[in-house]
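Asker: Below is one structure. I have some questions about it.
The values are calculated or read from the model by the stated rules, or taken from the named source; none is laboratory data. These numbers were taken from a predicted model, which means no experiment stands behind them. When we count neighbours, we look across all protein chains shown, and the Cβ atoms used for this are built from the backbone with ideal geometry, even at glycine. Remember, those area values only see protein heavy atoms, side chains included, never the ligands or the DNA or RNA. Shrake-Rupley method; radii C 1.70, N 1.55, O 1.52, S 1.80 Å.
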Amino acid sequence: MPPALHVSPLAARRFARARLLLDQPAPDVATALAHHGFVQIDPINVCGRMHDLILRNRVAGYREGDLMRHLHGSADAPLPPPQRTAFEHHLPGYNTLVAFPLEAWPHLLAAMKQRTRVTSAWSGRLTPREKQLAEHILEEIAHRGPLSSDDIADDRRGRRVWGASTLAKTTLQKLFFHGRVLISHRVNQRRVYNLPERILPAEILAQPTPPPSDTARWLATLKLRQRRLALLKRNELSQVTDLVQPVVIDGCPTLHCLREDAPLLAACEASGEIENRKSKIENRDSKIARPLLLAPLDPLIYDRRVTQALWDFDYTWEVYTPPAKRVRGYYALPILAGTELVGHVDPKADRAAGKLQIVSRRVRRGIATKPAETELARFLGLKSKR
């Protein structure tokens, strides 16, 4: 491993903006997905869904729903296997649903198999009655094509877990976690499942399960691709010592970046500015930089400890926080201006009225958020309302 690279917090922030595609967006969803390794998916829709809020700042001309169209095509015309370049599944070791490029598939196989061996109402082994129903469901899908839980003629109740209430839904959910069915497409956000061989290209499905060490290395690299400046655990660092550059920043724990990213980080320290096609971002005065509204789980702020240390910004996604304990709001979006996080806006889309309401706003004096709010409203097909 090379010696640590010492940089200022300002240089690290410039680097993070650039490598997280916030200065120069990717030309399309596929490029952004390949760059980051995955994009987190979340169904909650207060002011746009999480994945759309993440990608709208990173993909040129991105429209609401473009990630799902990239993954699946449309509900009327799902993409056939030869045209699929990405799919939905869970990060190994977590229940986090993400969009992956095809290269991820073999690294998920061990986690899928492991889930079939543990007891979990959400993702673990099938119960006896789920196992019986699973065979029927797989036969139905093989015969009839893509199906949702509503298409299964079985009115038995399942154990209620995160909204899963029918036996058909809990069984399909576990079959998905186990890799025996995949999401073909969605109809009004309802998952429609199909057999893996009808979703993924044959050459992808034919790949064997990699050795555990290969998958551990892939996961550590994925974390670096996702965040670009990351706090690595000891076991993660041991997998990628030949790939990473240690980074020392005043006031921060030791971070790491990919070694291929180190020249840009050094250049940010040396030059004091990042060039992009449109303009130079003058980082000494964030007031003149165009404010961006970030997604609550944006890669820039995903690690709360790093966000606090590097950006001097304490942020928690409070959607699951009891109302009395919320500090910023149910779905507060952090505001990035230049190289500073300067506050938050808590918006709510009133689709019936066609307006984007601002529930609360807290922002540093001198920062104008109206253009960013208007941009978000336009993205959602709404009008901005103060």
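Asker: Out of the residues in segment 340-386 that are touching a strand residue (DSSP E or B) at 6+ places or on another chain (Cβ under 7 Å) and assigned to a loop (DSSP other than H, G, I, E, B), which is farthest from Thr307 (Cα to Cα)?
Answerer: That would be Gly354.
Asker: If you scan segment 47-77, which residues turn out to be of a type in the set (Asp, Glu) and surrounded by 15 or more Cβ atoms within 10 Å (Cβ to Cβ)?
Answerer: Selection gives Asp52, Glu64, Asp66.
Asker: Now for a different question. Of the residues that make up segment 316-327, is at least one farther than 19 Å from Asp23 by Cα, in contact with a Ser or Thr (Cβ under 6 Å, 6 or more places away or on another chain) and modelled with pLDDT of 95 or more?
Answerer: Scanning segment 316-327, I find no residue that is farther than 19 Å from Asp23 by Cα, in contact with a Ser or Thr (Cβ under 6 Å, 6 or more places away or on another chain) and modelled with pLDDT of 95 or more, so the answer is no.
Asker: Something else about it: Got a sec? Which of Ala262, Ala270 is of a type in the set (Gly, Ala, Ser) and touching a residue at least 12 places away in the same chain (Cβ under 8 Å)?
Answerer: Step by step, each of Ala262, Ala270 is checked, and only Ala262 is of a type in the set (Gly, Ala, Ser) and touching a residue at least 12 places away in the same chain (Cβ under 8 Å).
Asker: In this structure, is Ile54 under 17 Å from the mean Cα position of the chain (by Cα), β-branched (Val, Ile, Thr) and closer than 22 Å to Leu172 by Cα?
Answerer: no
Asker: So how many residues does segment 104-148 have that are within 17 Å of Leu195 (Cβ to Cβ) and without any contact (Cβ under 8 Å) to a residue 24 or more places away in the chain?
Answerer: Counting residues in segment 104-148 that are within 17 Å of Leu195 (Cβ to Cβ) and without any contact (Cβ under 8 Å) to a residue 24 or more places away in the chain gives 6.
Asker: Now for a separate question. Name the residues in segment 177-190 that are over 16 Å from Ala86 (Cβ atoms) and either open to solvent by less than 10 Å² (accessible area, probe 1.4 Å) or part of a strand (DSSP E or B) (or both), would you?
Answerer: Selection gives Phe177, Val181, Val187, Arg190.
Asker: Looking at Pro80, Pro101, can you tell me which residue is open to solvent by 10 Å² or more (accessible area, probe 1.4 Å) and at pLDDT 95 or above?
Answerer: Pro101
Asker: Here's something else I'd like to know. Please state which of the following conditions Asp23 fails to meet, knowing it meets all the rest: (1) surrounded by 22 or more Cβ atoms within 10 Å (Cβ to Cβ); (2) closer than 24 Å to Glu340 by Cβ.
Answerer: That leaves (1) as the condition not met.
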